[in-house]
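What follows is a set of notes on a single structure, which appears directly below.
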Amino acid sequence: MKPISHGRKACMWVGVAAALWLTAAPEKAPAESADEVPAVRTKLLRYADISRDRVVFAYGGDLWIAPREGGAARRLTSHVGDELYPKFSPDGQWIAFTGEYDGNPDVYLISSEGGEPKRLTFHPSNDIVLGWTPDGKNILFRSDRYSAPPGRFTRLFLVSPQGGMPKMLPVPRGD
């Protein structure tokens, strides 16, 4: 009998592992409408922010909003790209967030009632929302737009909710 080479042995084990994984994989759940909350218990609600009366969070790559005291959540966004890091404005009327619609993360703004998101930054670097200034006149975000590989680092910026050129804060690094 001819011995099995290491390469063939590895391929055989990969095939066995794949077969076991496929037989153990659960059936796919039926598709649900965009506004319907999944019937199974939700998991991994991320990046929550709380206003006076509501909670906004990311789930499944979209933003959702719910009453602070509990209850059904309502989807705010349903774009194919990811929406993350939502932050309420100090008055609770607006939500700044990081949206990845065109291949890189940028700063967006949406009404806390829903609607079409407004893009505030237009740079090929990663722009990640961190919060708002206390007066609500600017959105704070971090970006690696002024650093280059291999030692990338982020700096802090402010952008107006009306848009315009972001202003870099006089801090050498920030996250």
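The values are calculated or read from the model by the stated rules, or taken from the named source; none is laboratory data. Source: prediction; values computed, not measured. With ideal geometry, Cβ positions are generated from the backbone for all residues, glycine too; neighbour counts draw on all protein chains shown. Surface accessibility is based on the protein's heavy atoms, side chains included, excluding ligands, DNA and RNA. Shrake-Rupley method; radii C 1.70, N 1.55, O 1.52, S 1.80 Å.
The figure for TYR108 is an accessible area of roughly 10 square angstrom, using a 1.4 Å probe on the protein chains alone. The GluC sites (Glu not before Pro) of the stretch 68-171 that meet both conditions, a loop assignment by DSSP and at most 11 other Cβ atoms within 10 Å of the site Cβ, are GLU69, GLU113. Solvent-accessible surface (1.4 Å probe) assigned to SER78 amounts to roughly 80 Å². Using a 7 Å offset from Cα along Cα-Cβ at LYS167, what residues in the stretch 101-118 end up with backbone N under 20 Å from the label point? The answer is 107-109, whose backbone nitrogens lie closer than 20 Å to the label point. For the stretch 82-149, the alpha-carbon coordinates run over 39, 24, 15 Å along the three principal axes, in decreasing order.
For the stretch 45-175, the solvent-accessible area of protein heavy atoms averages 53 Å² per residue (probe radius 1.4 Å; ligands and nucleic acids excluded). Annotation: LYS137 carries an accessible surface of approximately 130 Å², with a 1.4 Å probe and no ligand, DNA or RNA atoms counted. Note on ASP91 and LEU44: their simple-model spin labels are 3.7 nm apart, each label 7 Å out from Cα toward Cβ.
Residues whose amide H lies under 5 Å from that of TYR101, counting only those 5 or more places away or on a different chain, are ASP106; hydrogens are built 1.01 Å from N in the peptide plane. Quick check for you: which residues of the stretch 101-130 have the amide N under 16 Å from the point 7 Å beyond the Cα of ASP175 toward its beta carbon? Counting only backbone N, you get 126-130. Were the residues from VAL80 through ARG52 laid out at 0.36 nm apart, the gain over their Cα-Cα distance would be 7.1 nm.
I'm checking a number: the convex hull volume of the Cα atoms of the stretch 47-103, normalised per residue, in Å³. What is it? Cα-based convex hull of the stretch 47-103, divided per residue, equals 72 Å³.
Taking every alpha-carbon pair within the stretch 46-168, the share separated by more than 18 Å comes to 49 percent.
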